[in-house]
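> Just passing along the structure, written as structure tokens.
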Amino acid sequence: MTTVTSLSQTPLRLMRTKMPPILVVDDDTKILNLVRAYLEREGFAVITASDGRAALAAVRESHPRLVVLDVMLPELDGIAVLRALRESSNIPVLMLSARGAIADRVYGINEGADDYLAKPFSPAELVVRIKAILRRAETTTASATRGELRHADLVIDVDRHEVRRGTDRIALSAAEFRLLVALVEGGGRVLSRELLLDTLHGAGESEALDRTVDVYVGRLREKLGDDAEHPRYVATVRGAGYRAAAE
């Protein structure tokens, strides 16, 4: 059964914030109600969906700020939903899954997730992670004063959060965009994995994975059509980190 909670069911005090809602997607009603309660306590507007198709419909209709997305869903599973979102959107996505192995978490990030939290989880930790993702996204948006950055044949519009090559727009997730901006603003300086992890996940994130940066760089290269052996955009400095490739 497809279920979407409309904004009309959200308390009026939250509607007054005029901020887009957070979409929580899970087929477990108890989890939906629990996460909703914690997020609303923090002042967020919340909508929910109980399957993958309803999740995509909710994104189209409500344009949420962030999606909390369970992996195991009826109709369409969470990975399929994530892939569909990434075809046209860089909306932040936090994945939930009962499978918490490192390989599963890396797989979720590799598919475009901004963060990954294993079940069972602490609702308080979920709220902290959501706030951290939103802070990073807002920091990227607030950097509009940097205007446009250029690297090789790329035009990076920080204000519009767009990357263009000629007339083609290259769709990047929020994390991939932050990574590209950090590398280009580095001006050819080598950025360590630790520094790039801070850019992606915030300083002091205890759950950040050592392979996370490599996964994001791989995804970024794939979307840019870059070759790691003969890079035009992102160069690897073995044992040190990454830098923008020399033009």
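The values are calculated or read from the model by the stated rules, or taken from the named source; none is laboratory data. No experiment lies behind these values; they were computed from the predicted model shown. Neighbour counts are summed over all protein chains in view; Cβ atoms, including those assigned to glycine, are modelled from backbone coordinates with ideal geometry.
> For the stretch 62-90, which residues satisfy the criterion of being among the aliphatic types (A, V, I, L, M) and in contact (Cβ under 8 Å) with a residue 40 or more places away in the chain?
Of all residues in the stretch 62-90, those among the aliphatic types (A, V, I, L, M) come to 66-69, 71-73, 76, 79-82, 84-85.
Answer for the stretch 62-90, where residues must be among the aliphatic types (A, V, I, L, M) and in contact (Cβ under 8 Å) with a residue 40 or more places away in the chain: 66, 67, 68, 69, 72, 73, 81.
> Within the stretch 18-58, track down each residue that is in contact with a strand residue (DSSP E or B) (Cβ under 6 Å, 6 or more places away or on another chain) and basic (Lys, Arg).
Scanning the stretch 18-58 gives a single hit, 36.
> Within the bounds of the stretch 116-131, is there any residue that is closer than 21 Å to residue 46 by Cβ, crowded, with 17+ Cβ neighbours inside 10 Å and modelled with pLDDT under 85?
no
> When you go through 78, 43, 52 one by one, which is the residue that is at positive phi and either buried (at least 22 other Cβ atoms within 10 Å of the Cβ) or not assigned by TED's automatic domain parsing to the domain that holds residue 219 (or both)?
None of the others qualify; the one that does is 43.
> Can you find, within the stretch 132-149, the residue that is modelled with the highest pLDDT among those that are loosely packed, with under 15 Cβ neighbours inside 10 Å and more than 16 Å from residue 65 (Cβ to Cβ)?
Ranking the candidates gives 148 first.
> Among the strands (runs of 3 or more DSSP E) lying completely within the stretch 51-118, list those that include at least 2 residues that are more than 20 Å from residue 134 (Cα to Cα).
Numbers: elements: 66-70, 93-97, 115-118.
The strands (runs of 3 or more DSSP E) meeting that bar number zero.
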